Amino acid sequence: MTNPYNVAISAEESVYIDAGVSLKYQLNNRFTFGLGYGFTHFSNGKLKMPNKGLNTQAARASLSYTLNDDPVQFKKQVVPPFHDHFEWLISFYSGMENVLYTGPDTAADPMMRGVNFPIFGMNNTINRQLDYKSKIGVGVTVGYNGSQSTTVVEEDGNLDELDVPFPRHITVSIYPSYELVVNRFSLVIQPGFYLYRKKTTDMTPEFYQRIGVKYHFMKDYFFGVNLRANKFYKSEFIEWTIGHRISL
């Protein structure tokens, strides 16, 4: 680790999320004026601790000029009527969380690296697609968090974790879900609430936030990546997901 004082990022890998809304108005054939508001999150997704991250919010204004001599021609496309329907999504995720050693000799390089713990689980979501762009639903997550209820210790200059019974790593949570659909891509927002997990002295809040993107392939399969956070800014871990959709 060449920059031990970088408590905001503290790793070679980083996560960048930029989300916002914008409105554009075409002044004439050449000029377009735009207004918007955005939120940006930059961190390492807790791939390495410490990880405080950076968050910014900003208003945006733009004025663009079109070089093309031909005016933009918009063609109205006839969209067939949409029939709302339900779908059942089953997905599996995996990830990793880094836990630091807090005992003596923390300045030694092996101690600064901490220990990486596996994270995996299954999501079950029932969605109702309201139109071509929006889905709302509710779901349940059953997960395994290897860092939960675990203590990192030092043995002969190496880091290890104390053995903990498997059930103490299990979590169960429930979440409402919203998807913004753009062709095969979806923006997923799922604020969650833990229903079950073992109590610890350093546990995260009961309410967490999940935001991510996914891509559909082979009609009914999808993969994606989510960032799970708490307090709307503090990363917990990154979820890499793959799943299957069943139309109901």
>> Among Met203, Thr66, Trp88, which residue has its Cα furthest toward the positive end of the charge dipole of the chain, with +1 on Lys/Arg Cβ and -1 on Asp/Glu Cβ?
In response: Thr66
> In whole Hz, what ³J(HN,Hα) sequence does the stretch 85-100 give by Karplus (6.51, -1.76, 1.60; θ = phi - 60°), x for Gly and Pro?
Replying inline: 7, 9, 9, 10, 10, 10, 9, 10, 10, 8, x, 8, 10, 9, 10, 7
> Expressed as a rounded percentage, what relative contact order does the chain have, with Cα pairs under 8 Å and six or more residues apart?
Replying inline: 16 percent
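For an R0 of 45 angstrom, estimate the FRET efficiency from the Cβ-Cβ distance between Leu67 and Lys231 and round to the nearest 0.05.
With R0 = 45 Å, the Cβ-Cβ based efficiency is 0.50.
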> Taking GluC sites (Glu not before Pro) as exposed when DSSP calls them loop (any state but H, G, I, E, B) and at most 14 other Cβ atoms lie within 10 Å, what is the longest stretch of the chain free of them, the sites themselves excluded?
Replying inline: 14-205
> Out of these labelled values of volume of the Cα convex hull per residue in Å³, (1) 169; (2) 114; (3) 123, which was calculated from the coordinates shown here?
Replying inline: (1)
>> Place a point 7 Å from the Cα of Thr56 along the Cα-to-Cβ direction; which residues of the stretch 234-248 have their backbone N under 20 Å from it?
In response: 234-235
> Between Leu195 and residues 5 or more places away or on another chain, which pairs have amide H atoms under 5 Å apart, with H built 1.01 Å from N, and which residues are they?
Replying inline: Val172, Ser173, Ile174
>> For the pair Arg128/Asn28, report the inter-label distance in nm, with labels modelled 7 Å from Cα in the Cβ direction.
In response: 4.9 nm
> If you plug each phi of the stretch 220-236 into the Karplus form 6.51 cos²θ - 1.76 cosθ + 1.60 with θ = phi - 60°, what whole-Hz ³J(HN,Hα) values come out, in order, with x for Gly and Pro?
Replying inline: 10, 10, 8, 9, x, 9, 10, 10, 9, 9, 9, 6, 6, 8, 9, 5, 9
> Restricting attention to the stretch 172-244, which trypsin sites (Lys or Arg not before Pro) occupy a DSSP loop and are surrounded by at most 12 other Cβ atoms within 10 Å?
Replying inline: Arg184, Lys199, Lys219, Lys231
> Setting aside same-chain residues fewer than 8 positions from Lys76, which lysines have a Cα under 29 Å from its Cα?
Replying inline: Lys24, Lys133, Lys135, Lys214, Lys219
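No value in this document is a laboratory result; all are computed from the given coordinates. Note that the structure is predicted; figures quoted are calculated from it, not measured. FYI the Cβ positions are ideal-geometry reconstructions off the backbone, even for glycines, and counts take in every protein chain you see.
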